[in-house]
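These notes concern the structure reproduced below.
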């Protein structure tokens, strides 16, 4: 009975603490200047501590996963050498998939040792490796993005530092996980010119381990439902006119395959499409059944991506890679836009860069 009372008391204390924090968050305005001067690892002021306590995590609502595509579709990596194709299991050779970065959509896995791929051809199963798509999702924004937050990018668990430019310090008690979301309470620049962000009391993280999400002004001539893609931070924010409603991580074009900047509009939407290019070249690629494709400038598109889970880092040949679930959300959200006076649905895509990729905050 004594243990039960202790447990009930702990639950009651947690509820009261949550209600108090929620109430304080309503009373306080998020002000990044409150903690701006506390960047030496020393004692924090009461106002700074109060703000950190009142805003423990970003106010976001994760979207639903695209369970159908993630479970029904079966994606496989083939190559990098050329892969023979056959007219049936143990059948006649009818060609090959050229060497390159190639993925196929398997539509029949019932024959032992064989895969039937989109288009009807067959390949030997041992010439392919199953590709597990990412289950990452972005989130709906519930506070109109009144202050910036960030996703953690590092691929391994890391400790944070007690002050900008300091060593990773386990004694802070804070260890970050990939895709964790954090509030940014203050920022500072270290002696090498890199930005650092305070994510908790004397808990600092360097900018290269985070993808910052920030609100921007609506570009001239843009209205309705539109998205802003930040190539520097590798983020996407969806807006209803001036109100941000959704944010996520993306992967844009690598060096020499840069994603074009500017104002565009989606000119074609396809539930799935094949993509290929540079056949015969070292960077040749051919991927089947790319889901939720939204072309906005020639062959450049927003689309779902099943061949990597490195969102927040540049990875593509120029397209804007989204997780499958995020791409479906944007695709359906775009389709729900109000038609213009001519009855057409216009989906603006604004691609910009908040900094120069690979360059410090001071440009060094």
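Here, each number is a calculation from the coordinates, and none is a lab measurement. Please read these numbers as outputs of a predicted model, since none were measured by experiment. No Cβ is skipped: glycine too gets one built from the backbone with ideal geometry, and neighbour counts run over all protein chains shown.
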Residues 198, 275 arranged by fewest to most Cβ contacts within 10 Å:
275, 198
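Any number yet on Rg/Rh for region 217-352, C-alpha, Kirkwood? The partial results should precede the final answer.
Numbers: Rg = 14.4 Å, Rh = 15.0 Å.
That ratio is 0.96, to two decimals.
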Using only the alpha-carbon atoms, what does region 75-130 span along each of its principal axes? Please give whole angstrom values in decreasing order.
25, 22, 19
Whole-percent tail of the Cα-Cα distance distribution for region 189-245, cut at 17 Å, equals 52
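What length, rounded to one decimal in nm, is gained on full extension from residue 352 through to residue 154, with 0.36 nm per residue of separation minus their alpha-carbon distance? All intermediate terms of the calculation are to be shown ahead of the outcome.
On the way: separation 198, 0.36 × 198 = 71.28 nm, distance 2.34 nm.
Length difference between fully extended and current span is 68.9 nm.
With a 10 Å radius around each residue's Cβ, average the other Cβ atoms per peptide and rank 132-138, 336-342, highest first. Before the final figure, lay out each step's value.
Details: 132-138: 19.3, 336-342: 9.7.
Taking the mean over residues of other Cβ atoms within 10 Å, the ranking is 132-138, 336-342.
To the nearest 0.05, how large is the calculated FRET efficiency for residue 265 and residue 96 if R₀ is 56 Å and r is the Cβ-Cβ distance?
Numbers: r = 38 Å, r/R0 = 0.69.
E(calc), rounded to 0.05, equals 0.90.
Evaluate Rg over Rh across region 140-261, taking Cα atoms for both radii and Kirkwood's formula for Rh. Before the final figure, lay out each step's value.
Values: Rg = 15.8 Å, Rh = 15.6 Å.
Reported Rg/Rh (Cα atoms, Kirkwood Rh): 1.01.
Restricting to Cα pairs below 8 Å that are 6+ residues apart, what does the relative contact order work out to for region 217-352? Please round to a whole percent.
Numbers: 301 pairs, mean separation 42.0, N = 136.
Once normalised by length, the contact order is 31 percent.
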Reciprocal of mean inverse Cα separation for region 276-338 (Kirkwood radius, Å):
12.6
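Note down the relative contact order for region 165-270 as a percent, whole number, built from C-alpha pairs under 8 angstrom at least six residues apart.
Details: 114 pairs, mean separation 14.4, N = 106.
Result for region 165-270 is 14 percent.
Based only on other Cβ atoms within 10 Å, what is the fewest-to-most ordering of 130, 86, 185? Display every interim value, and only then the final one.
On the way: 130 12, 86 17, 185 25.
Ascending Cβ contact count within 10 Å gives the list 130, 86, 185.
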Centre separation in Å (Cα based) which lies between region 234-304 and region 135-207:
27
Enter the per residue convex hull volume of region 72-212, computed from alpha-carbon coordinates, in Å³ rounded to the nearest integer.
180
Which one is right for this structure if semi-axes √(5λ) of the Cα gyration tensor in Å is calculated from it: (1) 30, 26, 20; (2) 42, 25, 22; (3) 37, 22, 20?
(2)
What ranking, highest mean first, results for peptides 305-313, 284-292 when packing means the other Cβ atoms within 10 Å averaged over each residue?
284-292, 305-313
